[in-house]
1. Contour minus end-to-end for A:Leu80 and A:Leu40, with contour as 0.36 nm per residue of separation and end-to-end as the Cα-Cα distance?
2. Per-residue ellipticity at 222 nm for chain A, helices alone: DSSP H runs ≥ 4 residues times -39500 (n - 2.57), over residue total, nearest 500 deg cm²/dmol?
3. Going by C-beta contacts inside 10 Å, put B:Ile170, B:Ile278 in order with the fewest on the left.
4. Under 10 Å, Cα contacts only: if you run a Gaussian network model on chain B, which one of B:Arg96, B:Arg165, B:Arg270 comes out with the highest mean-square fluctuation?
5. Could you tell me how many degrees, from 0 to 90 and to the nearest 10, lie between the Cα long axis of helix A:44-53 and the main elongation axis, the longest principal axis, of the Cα atoms of chain A?
6. Which aspartates and glutamates have a Cα less than 13 Å from the Cα of A:Lys69, not counting those fewer than 8 places away in the same chain?
7. Using the alpha-carbon centroid of each, what span in Å lies between the range B:180-198 and the range B:213-265?
8. Taking a quarter of the surface of the convex hull around the Cα atoms of the protein assembly as shown, what do you get in nm²?
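Each value in this text was obtained by applying a stated rule to the coordinates, not by laboratory testing. The shown structure was predicted, so the numbers you read here are calculated from the model rather than taken from an experiment. Ideal geometry is used to build each Cβ from the backbone, glycine not excepted, and the neighbour counts take in all protein chains shown.
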Amino acid sequence: MLTYTIRRLLLAIPTLIAISLIIFLLLDLAPSDPTANLPLTIPPDVREKIRQSLGLGDPIYIRYLLWCKQFFVNEPLNMLEQWFGWDIGGDRLRVLSWQTRSPVVDLIVQRMPQTLWVVGMSYVVGVLIALPIGIISAYRQYSWFDQVGTFVSMVGFSVPTFFTGVLVIVIFSVWLGWFPSIYDTTHQVTDWQSFLFQIKQMIMPVAVLALFNAAQISRFMRASMLDNLNQDYVRTARAKGMRERTVVLVHVLRNSLIPVVTVIALGVPQIFGGAIITEQVFKVNGLGQLLIISIQGGDLPTVQTLTFIFAVLIILFNLVADVLYGVLDPRIRYD
Amino acid sequence: MNEAPSAPLVRVRGLKMHFPVHAGLLRRHVGDIKAVDDISLDVNESETLGLVGESGCGKSTAGRAVLRLYDITDGSITIDGTDISNIDQDKLRHLRPKMQMIFQDPQASLNPRMTVAGIVGEPLVEHMSLSKNERLDRIYELMDAVGLARSFANRYPHEFSGGQRQRIGIARALALHPKFIVCDEPIAALDVSIQAQVVNLLEDLQERFGLTYLFISHDLSMVRHIADRVAVMYLGKIVELAPRDELYATPLHPYTQALLSAVPEPDPVRESQRKHIILTGDVPSPANAPVGCNFCTRCPKAEDICRQIDPEFREVAPGHFTACHFVTDTTRKTAGSTAGNEANT
């Protein structure tokens, strides 16, 4: 298992380099202009000078290699310096955002907590809701519970979050006035009162995203349970005289969870990617929102870095899913 | 013939197992698959009752229904003096140790995520209060009994061959000292060389532990080897039930005759002279069984009465039951056209 993991990690290196190049080329080919958002009063020659100062005059391979050096060498060194208080020295240029002129990694670190709190929480809530729903739906297939569950997950699956998001804002913020419609990221949790406020402002975005996640996972859970419920070994367990609870929760559930766990693991990178639309609807300034404003502003280093980090996470969690599969299913052996 | 004087260990009367068929937009109940339709049989203590029939005739369903792995449609099942036909599953759970089952597919019937020790030991945890060491001793004891090395205890089912897996299944079934075991085609999924081993193991265990088997199979020669009495099923019904030697020597029901004539004869000279009864047509659907005798659509001797009246399953000679209009109590021979004419007049 360990050698398998190491081999997969080594294989990931060329994959990621290729991905970074593709992202870079795609962004370069895209007709975006970092000065397009500047006031119209700026004359064209000044704009050209701004572009030159951002390095856009250099050939593409120089710019790509520069980004590689900044991201793969300078940023890790910088991180080491910060974490351990070392002074490695040398004049290192970090990956700078063209819009804010601050290092992209710092921006990401600032925005990560909001995204993890809202999107991550919605994933956790979604999974916690989805598993029991999937289990009961499968166990009582075609019962009213299953029918309602199927309907709700179809709704959650097919109605986009920009609709449900706005809908809950209209209902709960505008009409009922229960929750704030805008997520206040400057809010600090210091005491019970502020904690309650934090919960209140999280409820709507978390609920909207959780519905979406739960819809997907509960379907997986249900299908996987149904697969296993009809297996012969379940009949064996009943013939042994096991309690129905043991049959379902030990024999069936443990086997059914194998594919579901990997699906859940594969979904984790989405949390870090942020829910672009939902963050936008509730004004959560997380990573998704950072990505969208960077795209709008033609801020290539930020887009490049963020997208690349998502790619790393996706590859990483693919590996995690595969390893989990090997741990959970004794029939699968990696070597 | 050798009816035991005492009450049989297993007594099944009028067992019916119908699976509802739902169809249409509203999934209305439109009919039933009559997988098992009114069968009655007794299994005496320490004997092996063979249950044979072609694929889809309902023999596996019958085996599962006898152990109440299904909620039966109708009928009564008494095992060791307890009527289990309508008892709820929770009470039934406590009776499970007495009656066990060996399944057909040794791969699918073992939980892939449990080790051998887990599979064999689980019923012990549930039904007996043993300490951890006592339990492990019992697991080893069972593994010895079925001929599995003790060192296999922590392996998973996929690491074994088919024959070894079936041994695990047998060890599991034996764990709780059962009296009655339903063997649902235990050898059908195995190589011929392994079949003999497993059947011999089942016979040894029967002798050692005084087990009673309901041995379901489509392999007539294997049933002849292991069974004391044999029941023949066709389309959800038992058409003939007799002591083994009598059934193989003088089959009375036309279906049994056809079935036995299909068993190949090892001697090529005799094989070439033998008369085969070739049945034409397909088995009717159990959802839409024919009126009258179930076999009338394929029976070479069928007459009008067969298409109208369902023959009664009756004892035509001591211990020899059959369901055919043309077999009379007095004639022990196959009733030919003469008997048929008599019945018609």
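1. Roughly 10.2 nm would be gained on extension.
2. Calculated mean residue ellipticity at 222 nm is -22000 deg cm²/dmol.
3. In order of increasing Cβ crowding within 10 Å: B:Ile278, B:Ile170.
4. B:Arg270
5. Taking the Cα atoms of chain A, the angle to A:44-53 is about 70 degrees.
6. Within the straight-line cut-off, A:Lys69 pairs with A:Asp91.
7. 17
8. Over all viewing directions, the protein assembly as shown projects a mean Cα-hull area of 45.3 nm².
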